[in-house]
Amino acid sequence: MFTMEAIVRHRMLLMSVAGAGAAIGFTWLVLSLRKKKRKLRKVGEVTQLIVYPIKSCKGVPLPEAECSVHGLRNGLLRDRHWAVSNEEKTVVSARHEPRLVLINSSSDQGFLTLSAPEMEDLKVPLTHPSTNEVVTSRVLGHLVQGRDCGDEASHWITAALRSRHVYRLLQFEDRMKHRNPKDEYVLYTENDKVAYPELSPLHVLSEAAVEDLNSRLEEKVTFRNFRPNILISGCGAYEEDSWEEIQIGRDVTLKRVMPSIRCLFTTVDPDTGIPHAKNEPLKTLRRRSGNHHLGKGLCKQMKN
Ligand SMILES: *[C@@H]1O[C@H](CO)[C@@H](O)[C@H](O)[C@H]1NC(C)=O
């Protein structure tokens, strides 16, 4: 697929912190979409591009994607531009409702089609009338808007999750109030804006890092436990620690922000929606690194 090249400079100060958290993979921002003349060296290859249109729901592999400052998109399927919110107007993640990972989505002919085990598919319009309420909900305590996708979507999601709570599906629209990841970590700037991701619009993971983790796990995991947008091969485990910027193909330059801090979500089996009884792979990931206070706030306990 795409070749990746990187600028390698001195290690960021943050990397010493990175070693101390239960982290794997990195969060990235788009630096530039123009080709720059710079000294680059090949560091790997892109093997998969994945979007997660609904936060915490199933990833959709893409043969190609546009890289926007708000993350990957393929036509109307945009990364984390839909989210499920509860009665308290808090966006829920698979930490709280692990069955979210079983909900699949695809888009065609003006609809987002939702599917899940033992459920009839539901077609949700990709644009909603302005009479649908704009709901302000919380992601990690910070406010973000979204348009309510209607009662049918709410009933469907609630049934698919088999939950005693009532959920609503929200859709982020371009002119709505974004979240600023700077509210959570000082490494971001005022200009960085996202819809429903936890932090960065892009998440990059190397296959080698997953392989290294698997060498210490009895029950193996796949990259799907870590939900990257860009999966890369052709580099050694944690080699990506030393990249500050990467260029993908001719046009896309990304800037690394920080290690992706891991929470209980990684313990939810992407195929069954069942959290691992012994909190793996998180437990092993933490053992490598010891202290995990870095993940505070991102790693709230799963309620059920
Ligand atoms: C998700 O839906 C798409 C489109 O219908 C389908 O091609 C894909 O196989 C589904 N993925 C899973 C894991 O069920």
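The values are calculated or read from the model by the stated rules, or taken from the named source; none is laboratory data. Fair warning: this is a prediction, and the values are worked out from it, not measured in the lab. Heads up, the Cβs are rebuilt from the backbone with ideal geometry, glycines too, and the neighbour counts pull from every protein chain shown.
Taking the criterion of being among the small types (Gly, Ala, Ser) and either within 11 Å of Trp156 (Cβ to Cβ) or modelled with pLDDT of 95 or more (or both), the residues of segment 107-122 that qualify are Ser115, Ala116.
Restricting attention to segment 81-92, the residues that are touching an Asp or Glu at 6+ places or on another chain (Cβ under 9 Å) and either charged (D, E, K, R) or surrounded by fewer than 24 Cβ atoms within 10 Å (Cβ to Cβ) (or both) add up to 1. Considering Arg95, Arg138, Arg99, Arg80, the condition of being touching a residue at least 40 places away in the same chain (Cβ under 8 Å), within 20 Å of the chain's Cα centre (by Cα) and on the phi > 0 side of the Ramachandran plot is satisfied by Arg80 alone.
In a residue-by-residue description of segment 33-54, the property of being away from the ligand (no atom under 16 Å from the Cβ) and touching a Leu at 6+ places or on another chain (Cβ under 8 Å) applies to at least one position.
Within segment 202-223, one or more residues are closer than 23 Å to Leu77 by Cβ and without any contact (Cβ under 8 Å) to a residue 60 or more places away in the chain.
For segment 64-113, the set of residues classified as away from the ligand (no atom under 14 Å from the Cβ), part of a loop (DSSP other than H, G, I, E, B) and among the small types (Gly, Ala, Ser) consists of Ala65, Ser93, Ala94, Gly110, listed by residue number.
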